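The values are calculated or read from the model by the stated rules, or taken from the named source; none is laboratory data. In this text, all values refer to a predicted model and were calculated from it rather than measured experimentally. Note that we place each Cβ from the backbone using ideal geometry, even for glycine, and neighbour counts take in every protein chain shown.
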Ligand SMILES: [Zn+2]
């Protein structure tokens, strides 16, 4: 069994009157170095590099950044990290145009939220994420350094992907699953609820022993996603409210 080494950074970011907490996962592999999954909103790069150094690594050990999807709270600091460390950015083909800025963002925060922010910040968020060059596109089932596997989990967005370690059941779910009050819940703000339902029941079939969700953090023990193991069970637990923030 290949034991994964990973660390979760609890990233706190403020923008205007709002404060958000995100959970970024750093995978460590003795041969390949460090792979970061998701990057937070723009401006998180120094917190992320400090975290890497606190773990005893050099910032140049960061070799790859995997983006689960193109939302600004996942891709926002990828460009800055790419510039500062030379790390490659890897993502699914489907949202490459949004990540690179050749197509408009899939969504932007609602106007009433933007109205509460300083003008410059509102303008930035309204444009979507900071464009970043995608150096490698990832395919379903592809194996990343350390034995982590790419699993496409569309629904929250059309090109959303998750990363799973089959030997130990560790799942980095991005926004395919969220955690609230210590429990795995259906993702807020899914662009396609039926797809998100299918993706979640697929993940539930993997026997996830440890879950890391970008929003809400970690849950472990038993089959964490058992309650979501079929579309019927997902339906019976109620389909998600769709809160009005696009920053989920
Ligand atoms: Zn998202």
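In this structure, does residue 159 turn out to be assigned to a loop (DSSP other than H, G, I, E, B) and within 16 Å of the ligand (Cβ to nearest atom)?
yes
Let's see how each residue does on (1) surrounded by fewer than 17 Cβ atoms within 10 Å (Cβ to Cβ); (2) touching a residue at least 60 places away in the same chain (Cβ under 8 Å); (3) within 18 Å of residue 81 (Cβ to Cβ):
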| position | (1), (2), (3) |
| --- | --- |
| 99 | no, no, yes |
| 102 | yes, no, no |
| 114 | no, no, no |
| 118 | yes, yes, no |
| 129 | no, yes, yes |
| 133 | yes, no, yes |
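For (1) without any contact (Cβ under 8 Å) to a residue 40 or more places away in the chain; (2) more than 25 Å from residue 32 (Cβ to Cβ), each residue gets a yes or a no:
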{"residue": "137", "(1), (2)": "no, no"}
{"residue": "140", "(1), (2)": "yes, no"}
{"residue": "160", "(1), (2)": "no, no"}
{"residue": "196", "(1), (2)": "no, yes"}
{"residue": "208", "(1), (2)": "no, no"}
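Could you check the range 213-248 and list, in sequence order, the residues that are within 16 Å of the ligand (Cβ to nearest atom) and either in contact with a strand residue (DSSP E or B) (Cβ under 6 Å, 6 or more places away or on another chain) or at pLDDT 90 or above (or both)?
213, 214, 215, 216, 217
Within the range 29-50, which residues are surrounded by fewer than 21 Cβ atoms within 10 Å (Cβ to Cβ), at pLDDT 95 or above and assigned to a strand (DSSP E or B)?
33
Might you let me know whether the range 192-212 holds any residue that is within 16 Å of the ligand (Cβ to nearest atom), under 15 Å from the mean Cα position of the chain (by Cα) and either modelled with pLDDT under 90 or not in a helix (DSSP H, G or I) (or both)?
Yes.
Could you tell me whether any residue of the range 31-41 is within 22 Å of residue 118 (Cα to Cα) and under 14 Å from the mean Cα position of the chain (by Cα)?
Yes, some residue in the range 31-41 is within 22 Å of residue 118 (Cα to Cα) and under 14 Å from the mean Cα position of the chain (by Cα).
Within the set of pairs 6+ apart or on separate chains, which have a first residue in the range 62-79 that is closer than 12 Å to residue 160 by Cβ, a second that is within 11 Å of the ligand (Cβ to nearest atom) and part of a helix (DSSP H, G or I), and C-beta atoms under 8 Å apart?
Partner pairs satisfying both residue conditions: 67/74; 67/75; 68/74; 69/75.
Can you name every one of the helices (runs of 4 or more DSSP H) wholly within the range 72-145 that holds 3 or more residues which are modelled with pLDDT under 95?
Filter on the range 72-145 gives 111-114, 119-126.
Six or more apart or on different chains, Cβ under 9 Å: which pairs go from a residue in the range 176-189 that's on the phi > 0 side of the Ramachandran plot to one that's outside any loop (DSSP other than H, G, I, E, B) and more than 10 Å from the ligand (Cβ to nearest atom)? Could you list them?
182/217; 182/219
State the number of residues belonging to the range 73-87 that are surrounded by fewer than 24 Cβ atoms within 10 Å (Cβ to Cβ) and within 16 Å of the ligand (Cβ to nearest atom).
0
Looking at 57, 69, 7, can you tell me which residue is outside any strand (DSSP E or B) and more than 16 Å from the ligand (Cβ to nearest atom)?
None of the others qualify; the one that does is 57.
Hey, among the residues in the range 162-191 that are within 12 Å of the ligand (Cβ to nearest atom) and out of contact with any helix residue (DSSP H, G or I) (no Cβ under 8 Å at 6 or more places or on another chain), which one's nearest to residue 39 (Cα to Cα)?
Only one residue tops the list, namely 178.
Counting only residues that are within 12 Å of the chain's Cα centre (by Cα) and more than 19 Å from residue 12 (Cα to Cα), how many does the range 69-91 have?
Qualifying residue count for the region: 3.
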